[in-house]
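Enquirer: Quick one: structure below, then a few questions.
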Amino acid sequence: LVKACLFDLDGVIVDTAVYHFQAWRRLANELGFDFTEHQNEQLKGISRMESLELILKWGGVELSEEEKLHWATLKNEWYLELVNKMTPNEVLPGVPEFLNVLRENGIKVALGSASKNSRLILERIKMLDFFDAIIDGNNITKGKPDPQVFLLGAEATGCKPFECAVFEDAVAGIQAAKAGGMKAVGVGSSDILTEADFVISTFEEMTLDRLNF
Ligand code: G6P
Ligand code: MG
């Protein structure tokens, strides 16, 4: 039986993916190129610096390490401008309801995100209290698809990996869950999240029964 649920943040609890995309696009545009929403899929779940490397490669732009740090900082400032305007209305449909069901049934809830801004975002959307543990970009040395973030999440809840179900909108995140020996529920499109055990399009479709397949 599933004893803990581990949630990605961006694109699962709240749709910050659109804000990341806006901020990265602004960076690309200022460097003289553009990229598509399709390419943006590859950035989901990937750390800030890794995302920057990919985007620069797409644009054929080479920067020094110092310049990379400068642009990554700038991107984060633009991103935080958007985050600071966020409200609890932006929590994705069915999320608080499902988290309440988990709590009522004694199932632990943890966050497993690559973001270094996760606490700020959870505060903005008033969701901090829903989580028993938070593992994010500040706690990890290896990004998704490495399972580290979810293994630390499992440990923090006192559960074994096989007792955990991970909710993810990113291909790299589903791969991380599977590499960690956990159940993987995709949030989004089954055309993209082909490696997930099953895919929901919103948490309104999610029930306790579906966890224990
Ligand atoms: C999440 C998002 C990524 C983002 C990463 C780092 O995994 O899906 O798009 O790059 O977090 O976020 P941060 O807020 O630290 O820049
Ligand atoms: Mg995500």
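Enquirer: Considering each residue of segment 23-47, count those that are surrounded by fewer than 15 Cβ atoms within 10 Å (Cβ to Cβ) and either part of a helix (DSSP H, G or I) or touching a residue at least 60 places away in the same chain (Cβ under 8 Å) (or both), and give that number.
Expert: Matching residues across segment 23-47 total 5.
Enquirer: Given the options 71, 78, name the one that is under 16 Å from residue 121 (Cα atoms), assigned to a helix (DSSP H, G or I), away from ligand 2 (no atom under 15 Å from the Cβ) and free of Cβ contacts under 8 Å to residues at least 60 places away in the same chain.
Expert: 78 is the lone residue from the list that is under 16 Å from residue 121 (Cα atoms), assigned to a helix (DSSP H, G or I), away from ligand 2 (no atom under 15 Å from the Cβ) and free of Cβ contacts under 8 Å to residues at least 60 places away in the same chain.
Enquirer: Going through segment 180-213 one residue at a time, which ones are over 20 Å from residue 3 (Cβ atoms) and part of a helix (DSSP H, G or I)?
Expert: Selection gives 204, 205.
Enquirer: Would it be correct to say that residue 131 is under 16 Å from the mean Cα position of the chain (by Cα) and either away from ligand 1 (no atom under 14 Å from the Cβ) or touching a residue at least 12 places away in the same chain (Cβ under 8 Å) (or both)?
Expert: So residue 131 fits the description; yes.
Enquirer: Taking the conditions exactly as written (surrounded by fewer than 18 Cβ atoms within 10 Å (Cβ to Cβ), within 10 Å of ligand 1 (Cβ to nearest atom), among the acidic types (Asp, Glu) and closer than 28 Å to residue 166 by Cα), does residue 50 satisfy them or not?
Expert: So residue 50 fits the description; yes.
Enquirer: Still on this structure: Hey, can you tell me all the residues within segment 101-123 that are surrounded by fewer than 20 Cβ atoms within 10 Å (Cβ to Cβ), of a type in the set (D, E, K, R) and more than 11 Å from ligand 1 (Cβ to nearest atom)?
Expert: 103, 104, 123
Enquirer: Within the group 98, 7, which residue is more than 13 Å from ligand 2 (Cβ to nearest atom), at pLDDT 95 or above, buried (at least 19 other Cβ atoms within 10 Å of the Cβ) and under 26 Å from residue 157 (Cβ atoms)?
Expert: Only one candidate qualifies: 98.
Enquirer: Here is a further query. Would you pick out the residues in segment 14-48 that are among the β-branched types (Val, Ile, Thr) and more than 9 Å from ligand 2 (Cβ to nearest atom)?
Expert: Residues satisfying the conditions are 14, 18, 36, 46.
Enquirer: Among the residues of segment 51-66, which ones are more than 16 Å from ligand 2 (Cβ to nearest atom) and closer than 16 Å to residue 32 by Cα?
Expert: Correct list: 52, 53, 55, 56, 57, 58, 59, 60, 61, 62, 63.
Enquirer: For segment 53-65, does any single residue satisfy the condition of being farther than 28 Å from residue 189 by Cα and assigned to a helix (DSSP H, G or I)?
Expert: yes
Enquirer: Residues 184, 156: which one is out of contact with any Phe, Trp or Tyr (no Cβ under 6 Å at 6 or more places or on another chain), crowded, with 22+ Cβ neighbours inside 10 Å and either of a type in the set (A, V, I, L, M, F, W, C) or more than 30 Å from residue 53 (Cα to Cα) (or both)?
Expert: Exactly one residue qualifies, and that residue is 184.
Enquirer: Given 82, 74, 69, which one is over 30 Å from residue 157 (Cβ atoms), within 15 Å of ligand 1 (Cβ to nearest atom), exposed (fewer than 14 other Cβ atoms within 10 Å of the Cβ) and at pLDDT 95 or above?
Expert: Residue meeting the stated conditions: 69.
The values are calculated or read from the model by the stated rules, or taken from the named source; none is laboratory data. Since we're looking at a predicted model, the values are computed, not measured. Note that each Cβ is placed from the backbone with ideal geometry, even for glycine, and that neighbours are counted across all protein chains shown.
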